[in-house]
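J.: Dumping the structure here so I can ask a few things about it.
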Amino acid sequence: MSNIIIEQHAGITVLRDDLLPGGTKSILLPSLIDEHEEYVYASPVYGAFQIALSIYCQSVGKKATIFCAKRNKRHKNTTTCEIYGAKIVEVPYGYLSVVEKSASNYAWKTGAKKIQFGGQTEENINLIAARMRQITELLGYEPQN
């Protein structure tokens, strides 16, 4: 598991996953990346999972292809993905359903692995639960709300 950074702010315990590249979901990537050379993800431009995927793929020598809505002015997250080596495919009229379909078609044609939105798999749900158990052990109590 990745580093767990816990801080106290005004009496509130804060898990600082915002310090991880791409946030909490970055801890899921080792379970999603396998023998494929390219990984495809359909993302809203403001999502952080696309950033986590781009950074992780670059670090392990894999290709990330990010599908997102085409905008008049490119979103900073899209630019960040590109900086980390991701191929960017901007989809006109990019409602997420249209972006998803474009990404699925691309993955099917190229043999790339398409990652489900948010990386939601049973294994990843269990990884998040295990992380929470680890945090509870570190704190010595179960956080409330």
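J.: For region 61-94: of the residues being open to solvent by 50 Å² or more (accessible area, probe 1.4 Å) and in a strand (DSSP E or B), which is farthest from Ile51 (Cα to Cα)? Talk me through it step by step, then tell me what you get.
T.: Quick first cut of region 61-94, residues open to solvent by 50 Å² or more (accessible area, probe 1.4 Å) only: 61, 63, 70-74, 76, 79, 82-85, 87, 90, 92-93.
Going one step further and asking which of them are in a strand (DSSP E or B), we end up with 63, 87, 90.
Details: Lys63: 13, Lys87: 12, Glu90: 15 Å.
In this case the residue turns out to be Glu90.
J.: While we're here: In contact with an Asp or Glu (Cβ under 7 Å, 6 or more places away or on another chain) and hydrophobic (A, V, I, L, M, F, W, C): is that true of Ala42 in this structure?
T.: Yes; evaluated as a whole, the condition is true for this residue.
J.: Looking at (1) within 13 Å of Lys25 (Cα to Cα); (2) touching a strand residue (DSSP E or B) at 6+ places or on another chain (Cβ under 8 Å), which is the only condition Ser104 fails?
T.: Condition not satisfied by Ser104: (1).
J.: Would you please name the residue that is modelled with the highest pLDDT, looking only at residues in region 1-52 that are closer than 15 Å to Thr80 by Cβ, open to solvent by 50 Å² or more (accessible area, probe 1.4 Å) and in a loop (DSSP other than H, G, I, E, B)?
T.: Tyr46
J.: Sticking with this one: Is it the case that Tyr56 is within 16 Å of Gly111 (Cα to Cα) and surrounded by 17 or more Cβ atoms within 10 Å (Cβ to Cβ)?
T.: So Tyr56 does not fit the description; no.
J.: Which condition from (1) at pLDDT 95 or above; (2) over 16 Å from the mean Cα position of the chain (by Cα); (3) closer than 15 Å to Tyr41 by Cα is the one that Gly61 breaks?
T.: Just one mismatch for Gly61, condition (3).
J.: Return yes when Ser97 is free of Cβ contacts under 8 Å to residues at least 60 places away in the same chain, assigned to a helix (DSSP H, G or I) and open to solvent by 20 Å² or more (accessible area, probe 1.4 Å) and no when it is not.
T.: yes
J.: Scanning region 102-121 for residues that are in a helix (DSSP H, G or I) and within 16 Å of the chain's Cα centre (by Cα), which turns out surrounded by the most Cβ atoms within 10 Å (Cβ to Cβ)?
T.: Here the answer is Ala103.
The values are calculated or read from the model by the stated rules, or taken from the named source; none is laboratory data. Computed from a prediction, not measured in an experiment: that's the story for all the values here. Cβ sites come from the backbone with ideal geometry, for glycine too, and all protein chains shown count toward neighbours. Areas reflect the complete protein model, heavy atoms only, side chains present, ligands, DNA and RNA absent. Shrake-Rupley method; radii C 1.70, N 1.55, O 1.52, S 1.80 Å.
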